[in-house]
1. Mind ordering 52-63, 185-196, 15-26 by average Cβ neighbours within 10 Å, highest first?
2. Could you work out the mean projected area of the convex hull around the alpha carbons of the stretch 35-86, in square nanometres to one decimal?
3. Tell me, Kirkwood radius of the stretch 1-102 from alpha-carbon pair distances, in Å?
4. Just want the ordering: 179, 88, from fewest to most Cβ atoms lying within 10 Å of their own Cβ.
5. Sorting 130, 175 on the 10 Å Cβ count, fewest up front, what's the list?
6. Could you give log10 I(q)/I(0) at q = 0.18 Å⁻¹ for the stretch 125-213, computed by the Debye formula over C-alpha point scatterers of equal weight, without solvent?
7. Can you give me the C-alpha center-to-center distance between the stretch 161-219 and the stretch 1-29, rounded to a whole angstrom?
8. Kirkwood Rh over Cα pairs of the stretch 4-214 into Stokes-Einstein at 37 °C, 0.692 mPa s: D in µm²/s?
Ligand code: DX5
Ligand code: ZN
């Protein structure tokens, strides 16, 4: 099975966002990963609603919006209107995760939950049935261009077993430090979706790099 590839526009050239999104439209990318940071949940500010709307105007692929913000429940509807088709909130930011996921479902979006590197996958045991995409952070959220944390392989395997036991079709997404050096091993461990920011946008040929990730098991 080929993975879904979700390039993160956090690493794109913001002054040429239309051109960057058009490149993604023409590429083998499946989703467009949109990283929203508030300077509170994470120690960095990226961009918010107006930029997401601008991406939506040009994107021909689903927007996978990763909310690294406190109180994400306050902004779900606004991001859905700004084009989100997958809405991912952080487990660590949601004291009432079940309710938040109901809100996402009621908006007609896929429900995503992200886990920080230190958060065990078992915290999701009682809610996997209500999640469409589990995003395992393979770096500490807040910045692009960091090194992949190898313990992630183990977490992917554990989560794959947890999902199999529950019998759901929840996807496993990996976010942070993904390159051609770790993509195959992540897929073999059970990942379904690979997010890649700097590896794609810093490449001399980003569209070719996306194809290489998409076909990593065939190469
Ligand atoms: C990190 C973000 C990631 C980031 C990935 O907080 O959630 O999506 O853009 O960037 P790379 O691939 O450069 O680690
Ligand atoms: Zn992300």
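Computed from the coordinates by the stated procedures, all read-outs in this text should not be read as laboratory data. Small disclaimer: the values here were computed from a predicted structure and weren't measured. Every residue, glycine as well, gets a Cβ built from its backbone with ideal geometry; the counts of neighbours run over all protein chains shown.
1. Result, highest mean first: 185-196, 52-63, 15-26.
2. Values: hull surface 12.9 nm².
Mean projected area of the Cα convex hull: 3.2 nm².
3. Values: mean 1/r = 0.0713 Å⁻¹.
It is 14.0 Å.
4. Details: 179 17, 88 29.
So the residues, fewest neighbours to most, are 179, 88.
5. Values: 130 18, 175 26.
Ranking 130, 175 by Cβ neighbours within 10 Å, fewest first, gives 130, 175.
6. The Debye formula, applied to the Cα set alone, gives -0.78.
7. 14 Å
8. Numbers: Rh = 16.9 Å.
The Stokes-Einstein estimate is 195 µm²/s.
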